[in-house]
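K.L.:
One structure, pasted below without further comment.
Every number here is computed from the coordinates shown, using simple stated rules; none is lab data. Computed from a predicted model, the values in this text were never measured in an experiment. Every residue, glycine among them, receives a Cβ derived from its backbone with ideal geometry; neighbour counts consider all protein chains shown.
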Amino acid sequence: MGNQDIFKIPDYCPVCVGPTSSEGFFLWCRNKACPAKLAGSVKVWIKRLGLLHWGDALVDQLTDPDNPHINSISDLYKLTIDDIAVCTSGSKMARKCYEVLHENKKIPLELLLASLNIPNFALATATDIVQAGYDTVEKVISLTYDDLLKIPNIGEVTARQVLDGLQERQSVILELAEVLYLQKPAVGMLTGKSFCITGATSKPRKAVEKMILEAGGVVKSSVGTGLSFLVTNDQDTTSSKMKNAKKHNVQVISENNLYSLMSATSSVT
């Protein structure tokens, strides 16, 4: 019995009836205006920025195809407290959602790029692009395939996916640049240092990553040669990242050690 006898791959999206296509293990809806794609993109945005109170149920209501309150990620920042209250449990929670959204409008360019739900486009890749000199929105949207291939750690598959994703989301990037306060590449206590985080942290992981970026550091998703520090609160962990840290002689520090480095008030031991 073949796989086609177990599950028939749908030709049309069950949400918008747009055409589908498969890439490896993934099935995609090709309709750029599909409400489900918008909901997914907004949820990735919320998660990447580490915004509290913004649950999936709220996003689903805001992007409800029968009664949409937003049509793009940037529309989030146009919502009033009353708009949010219609979709959540009253004005008190709506105010919390509104405040946390607007309190986090100042972000690094690489975090914006890594939060756009582009396949194979992690924060580490976005950081590589910005550090290669593509440090403004204008430079990013003018990137070519050949430009991307010249950037360290970006291969042919990643370059194609990133380029396609950036071109498809060009209007979204420009809209977000209008409502956000994009930070220029930071120079701080962590400049020239790279970090990978493993295990639980006292603050949301995305918040810690943002702090590293704001202090001039680089966030990596894996451990390898050249990484400055592996951050973990469990020094006895047997995770693959810890094993690789030992293999490549990467210094292991705690979350508190990381904050000490940021403030330069004490040395790492």
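K.L.:
Taking every DSSP beta bridge with both residues inside the chain, roughly what % is antiparallel (nearest 5)?
P.N.:
That works out to approximately 30 percent antiparallel.
K.L.:
Taking 0.36 nm per residue of sequence separation and subtracting the Cα-Cα distance, how much length would be gained by fully extending the chain between Thr80 and Phe26, in nm to one decimal?
P.N.:
15.8 nm
K.L.:
Full-extension gain between Asp64 and Val17, please, as 0.36 nm times their residue separation minus the C-alpha to C-alpha distance.
P.N.:
On the way: separation 47, 0.36 × 47 = 16.92 nm, distance 1.56 nm.
Difference between extended and current length: 15.4 nm.
K.L.:
Where in the chain lies the longest segment free of chymotrypsin sites (Phe, Trp or Tyr not before Pro) that are both loop residues by DSSP (not H, G, I, E, B) and have at most 14 other Cβ atoms within 10 Å?
P.N.:
26-269
K.L.:
So what's the back-of-envelope 222 nm ellipticity for the chain, counting only DSSP H runs of four-plus at -39500 (n - 2.57) apiece and dividing by all residues, rounded to 500? Before the final figure, lay out the partial values.
P.N.:
On the way: 14 runs with 119 residues, N = 269.
After summing the helix terms and dividing by residue count, I get -12000 deg cm²/dmol.
K.L.:
Pairs Lys193/Lys247; Lys43/Lys105; Lys184/Lys210; Lys32/Lys150; Lys206/Lys241; Lys193/Lys243: which exceed 22 Å Cα-Cα? Don't skip to the end; give the middle numbers.
P.N.:
On the way: Lys193/Lys247 19 Å; Lys43/Lys105 16 Å; Lys184/Lys210 13 Å; Lys32/Lys150 29 Å; Lys206/Lys241 18 Å; Lys193/Lys243 20 Å.
Listed pairs above 22 Å: Lys32/Lys150.
K.L.:
Just one of [x] 57, 17, 16; [y] 32, 25, 20; [z] 25, 24, 19 is semi-axes √(5λ) of the Cα gyration tensor in Å calculated from these coordinates, so which is it?
P.N.:
After the calculation, the listed value that fits is [y].
K.L.:
Say the dipole of the chain comes from +1 at the beta carbon of Lys and Arg and -1 at that of Asp and Glu; which of Ala33, Ile81, Ser263 then lies farthest toward its positive end?
P.N.:
Ser263
K.L.:
By how many nm would the segment from Gln170 to Met93 grow when fully extended, if each residue of separation counts as 0.36 nm and the alpha-carbon distance is taken off?
P.N.:
24.5 nm
K.L.:
Let me have the relative contact order for the chain, percent, based on Cα pairs under 8 Å that are six or more residues apart. Please list the in-between numbers first.
P.N.:
Values: 358 pairs, mean separation 36.3, N = 269.
For the chain, the relative contact order is 13 percent.
K.L.:
Determine which aspartates and glutamates satisfy two conditions relative to Lys246: a Cα distance under 13 Å, and not lying fewer than 8 residues away in the same chain.
P.N.:
Partners found: Asp236.
K.L.:
Then there's this: Can you pull the one-decimal nm distance between simple spin-label points at Tyr181 and Lys8, each 7 Å off the Cα toward Cβ?
P.N.:
Label at Tyr181, label at Lys8, 5.5 nm between them.
K.L.:
Place a +1 charge on the Cβ of each Lys and Arg in the chain and a -1 charge on the Cβ of each Asp and Glu, then give the dipole magnitude about the Cα centre in debye, rounded to the nearest 20.
P.N.:
Working: 28 positive and 28 negative charges, 156 e Å.
Using only the charged Cβ atoms, the result is roughly 760 debye.
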